[in-house]
Amino acid sequence: MPWNAADTFQVPEGTTFTIHNGLKSPDAQAHEAGSVAIGCGVPGCTNCRIATSKGATLMTLRPSGNIESYTPGKPLKISRRNLIESYQPSQILEEEFCRQPLCVVCTKLDIFKLTTSKVNIPHHATFNDLRASAVHCPLCTLFLNSLLEPESFQPDDRRSLVVRGSTKCLTVAFPCIEEERENIIAERCSDLQLFIDSAEANASNAALSKINGRIVRPAEDISAAKAWLDDCVTNHSECCVKRLPAAGGGEIEQKPFSPTRLIDVGPEDGSQEPFLDESEHRRGAYLTLSYRWGDPASVTRTTQATIEDYKRQIKIGSLCKTFQDAITITRKLGERYIWIDSICIIQDSHEDKVLELARMADIYENALLTISASITACGNSGVFYPRVAINTVVVPLTDSREGGSGQFFVSDRVLSTFEEDVLAGSLSTRGWCLQERILPHRILHFGQDQSHWECSAGMLSENSSERRTRAQFTANDDAGDMRQRLTSDSPLWEASNRAVTSREPHGSWYRMIETYTKRQLTEESDKLPAISGVARRFAAICNDAYVGGLWANDLPAGLMWSATGFLTPYGTKGHLPRPAHPRAPTWSWASVDGAVHYLCSPFDQIHLEAPAVYNHPVGPDPFGAVDFGMFEITGHVRALDTMFGFRKEDAEQMEEAARRIPPIDLIRADYDDPEAALLAPVVCLLVATRAPGGPALGYGLLLHHDEAQGVFKRVGLAQVWPGDFAQVEKTRIRIV
């Protein structure tokens, strides 16, 4: 069928199309140039499209859709089922809103009653009436599409429909009778999102003021971010005060700080190219960027050969897409400076890297705002993720109590959430990005379908006016917990004899390490440097000494990491191999590759005495890489193969016990690497015993005795019977 962008493409009502995917279909060349490409029909295909002869996607549809008419530049009109996935003839979402007149029934919907009371508002009398109205009424179309399996409804189904609502959504459903209780709503429907323009929210309209949903604009429109930033700077004292709470009370004052180098982005109109500013007397706030490097070739970098040129000018067109977008955001927010690591650190200068990495805590903590490219894959991905259009119906307000002014919107939009974009986004897999989320006071996350705001006061997303606290998150967020403790005016410090990960303040550190060790690092040697900023800030708050990833004042608990955490079935082998080039002492989690688990059982008595810890940093940063670490300790040491549960004659008894006792209560060894079990001799150093109330268990380090050097090296962790050490004299050993 010939296509002309100026024409209206019309198909008789009820005609079924399967939309052709020109990228995969073998018969792509069979269609006329400029024609509507049809023919895919692959169930679940998300790439099907209608395209112009130039290949530009005008709209993306689900397979098998009933199209009534389509006018380029205007919303698609459909019969019975709305099948639009995306529609991109314009960058302005408002132009894609359907303003077609509604049916009489939908026009009379009382939005005030729907958002303020849990009542069911009568709608069409039957399912057939709804289906007939959907041919012309866009809101009925959305209601029809929200019903699950509408084809299963029988033509003679005479049940009346009702609409129920809340401050967030509308739902159409059928009342039914169940166990003689009337007005039970049949769960054969999905919610439709209810939202308004931010301008309407400021109007004195009681009906609209109850709606929490907000319009989500194109990614490049950062008006919501600007409003969030202005509100935070003006009203959130906890996000602006340059001080840190200290354990035991009091505050730690922070001195004014400015990075060594910043990118001067120039005026908002782009009339001046950016340049690298090393001036000591520069004034004004600055932003920072958190992003994923990906392929190093995709990232623009400052080197000793380019730094002088960059001081004069950085042509914005020469920068990778992520940096261009970050500069655009900085300008739109009315700010002048931004710090980007690969530009503001000389990448081929070891000395400059060491100095600047030691300042990471100050750089991110003192920034006005951190821009987070939360879901991008590399430097060329950009910050702005293309947003697909959504099916949205404009509903004029007809509430007589408010004079009938205003409008609201109803949509079947399903947008990416904070949990999906931030907690599970691409940055959540990278080691360096952890502290870039923990240290800043404010973060602007750019997600797949919307942006999100995070500060000490809570979290906001573009699609809602509701501010969420961390307690309302639907997923674990150990990084967020640590962030809250470091940036809040009143973190929760408490001493306890509970599980390792519950012993505050250090429990927050151990939970963060569990998260951190799941992340990836391009360079193995970055294991400690990549969280040095968090360690520096944590040390100041706790007034504790940092030793190769552990803390001197909580050393026994810090030693209790392992491959499985004793949570897996008996006999499960861990796998935490050590790199060819050691980067930390064997007793530190930083010495192994892979995710570590801290002990989740409570412990009570400590059996170590007089610890003396030695830690030698590689460079001037005491929180960065180390090349040697050792601690001397006095404790009970016994050969493992002489202890109950580890002797050959105990094997059958332990296997039988494993069938009736939970894994976490079993006597067992958790080797860092299965090959470590082959090393002989292996001894056990008793560290602590479990708190009263559970099985009598002790926890001990598994060590290999290097007789040539006269030292011990860690090879694992074990749950043991404390009675095995009752007659063992204490001895002093050195562990490296």
Practice item. Note down the accessible area of residue 99, probe 1.4 Å, to the nearest 10 Å². Key: 140
**Study point:** 5 angstrom amide H check on residue 545, placed H, neighbours 5+ away
**Key:** 552, 553
Point to revise | Solvent-accessible area of residue 418 with every protein chain in place, 1.4 Å probe, in Å² to the nearest 10 | key: 0
**Study point:** Estimated distance in nm for a label pair at residue 641 and residue 726, the labels positioned 7 Å out from Cα along Cα-to-Cβ
**Key:** 2.6
Review point. Given labels modelled 7 Å from the Cα in the Cβ direction, how far is it in nm from residue 190 to residue 600?
Key: 3.2
Review point. How large is ³J(HN,Hα), in whole Hz, for each residue of the range 703-709 in order, when computed from phi with the Karplus curve 6.51 cos²θ - 1.76 cosθ + 1.60 and θ = phi - 60°, using x for Gly and Pro?
Key: 10, 9, 8, 8, 5, 5, 9
Practice item. Work out how much length residue 297 to residue 614 would gain on full extension: take 0.36 nm times their residue separation and subtract the Cα-Cα distance, in nm to one decimal. Key: 110.2 nm
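Please compute one quarter of the surface area of the Cα convex hull for the range 428-487 and express it in square nanometres. The partial results should precede the final answer.
Numbers: hull surface 17.1 nm².
Dividing the Cα hull surface by four gives the mean projection, 4.3 nm².
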Revision key, fill the gap. If each K or R counts +1 and each D or E counts -1, the residues other than residue 571 whose Cβ falls under 14 Å of its Cβ total -2
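Holding the Cα-Cα limit at 24 Å, pick out from 315/527; 118/210; 108/168; 226/518; 527/730 the pairs that are longer than that.
Numbers: 315/527 34 Å; 118/210 14 Å; 108/168 19 Å; 226/518 34 Å; 527/730 34 Å.
Checking Cα-Cα distances, 315/527; 226/518; 527/730 exceed 24 Å.
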**Study point:** For the range 544-642: accessible area per residue (Å², 1.4 Å)
**Key:** 39
**Study point:** Three-way shape label, the range 629-696, alpha-carbon gyration tensor, a/c 1.5
**Key:** oblate
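Can you tell me how the range 314-360 classifies by the Cα gyration tensor, rounded, prolate or oblate, using a/c under 1.5 as the rounded cut? Numbers along the way, then the final one.
Values: a/c = 3.35, a/b = 1.77, b/c = 1.89.
Taking the square roots of the gyration eigenvalues as a ≥ b ≥ c, the range 314-360 is oblate.
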Practice item. Taking H placed 1.01 Å from N in the peptide plane, check which residues at least 5 places from residue 277 or on another chain put their amide H under 5 Å from its amide H. Key: 262, 263, 264
Practice item. State the extension gain, in nm to one decimal, for the chain segment bounded by residue 304 and residue 377, taking 0.36 nm per residue of separation less the distance between their alpha-carbons. Key: 23.6 nm
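Multiplying the sequence separation of residue 543 and residue 316 by 0.36 nm and subtracting their Cα-Cα distance, what value in nm do you get?
Details: separation 227, 0.36 × 227 = 81.72 nm, distance 4.41 nm.
Here the answer is 77.3 nm.
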**Study point:** For the range 623-736, the Rg and Dmax computed from alpha carbons only, in angstrom
**Key:** 15.0, 47
Check your understanding: With all protein chains present, how much of the accessible area of the range 579-698 (probe radius 1.4 Å) comes from carbon and sulfur, to the nearest whole percent?
Key -> 57
Review point. If you look at just the Cα atoms of the range 501-542, how large are its Rg and its Dmax in Å?
Key: 11.2, 32
Practice item. Obtain the nm distance between the two label points defined at residue 466 and residue 125 by a simple spin-label model: each point lies 7 Å from its Cα along the Cα-to-C-beta direction. Key: 3.7
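Assign one of three labels to the range 564-635, namely rounded, prolate or oblate, based on the Cα gyration tensor with a ≥ b ≥ c the square roots of its eigenvalues; rounded applies when a/c is under 1.5, prolate when it is not and a/b is larger than b/c, and oblate otherwise. If you can, show how the numbers build up before the last one.
Working: a/c = 2.46, a/b = 1.26, b/c = 1.95.
Oblate shape, in that a/c is at least 1.5 and b/c is the bigger or equal ratio.
In whole percent, how big is the carbon plus sulfur part of the accessible area of the range 273-316, probe 1.4 Å, protein atoms only?
Values: 1130 of 2410 Å².
Carbon and sulfur: 47 percent of the exposed surface of the range 273-316.
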**Study point:** Among 660-668, 679-687, 347-355, the order from most to least packed when residues are scored by Cβ within 10 Å on average
**Key:** 679-687, 660-668, 347-355
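How much accessible area per residue does the range 314-368 have, in Å², with a 1.4 Å probe? Provide the component values of the computation, followed by the final result.
Values: 1820 Å² over 55 residues.
Heavy-atom SASA per residue in the range 314-368 reads 33 Å².
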**Study point:** Residue-count net charge about residue 646 - beta-carbon cut-off 11 Å; Lys, Arg +1, Asp, Glu -1
**Key:** 0
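Could you work out the equivalent-ellipsoid semi-axes for the range 497-584, taking the square root of 5 times each eigenvalue of the Cα gyration tensor, largest first, in whole Å? Each step should come with its number before you reach the end.
Numbers: eigenvalues 97, 76, 24 Å².
Here the semi-axes work out to 22, 19, 11 Å.
The values are calculated or read from the model by the stated rules, or taken from the named source; none is laboratory data. What you see is a predicted model, and the numbers here were worked out from it, not measured in a lab. No Cβ is skipped: glycine too gets one built from the backbone with ideal geometry, and neighbour counts run over all protein chains shown. Accessible surface is based on the protein model in full, side chains and every heavy atom, while ligands, DNA and RNA are left aside. Shrake-Rupley method; radii C 1.70, N 1.55, O 1.52, S 1.80 Å.
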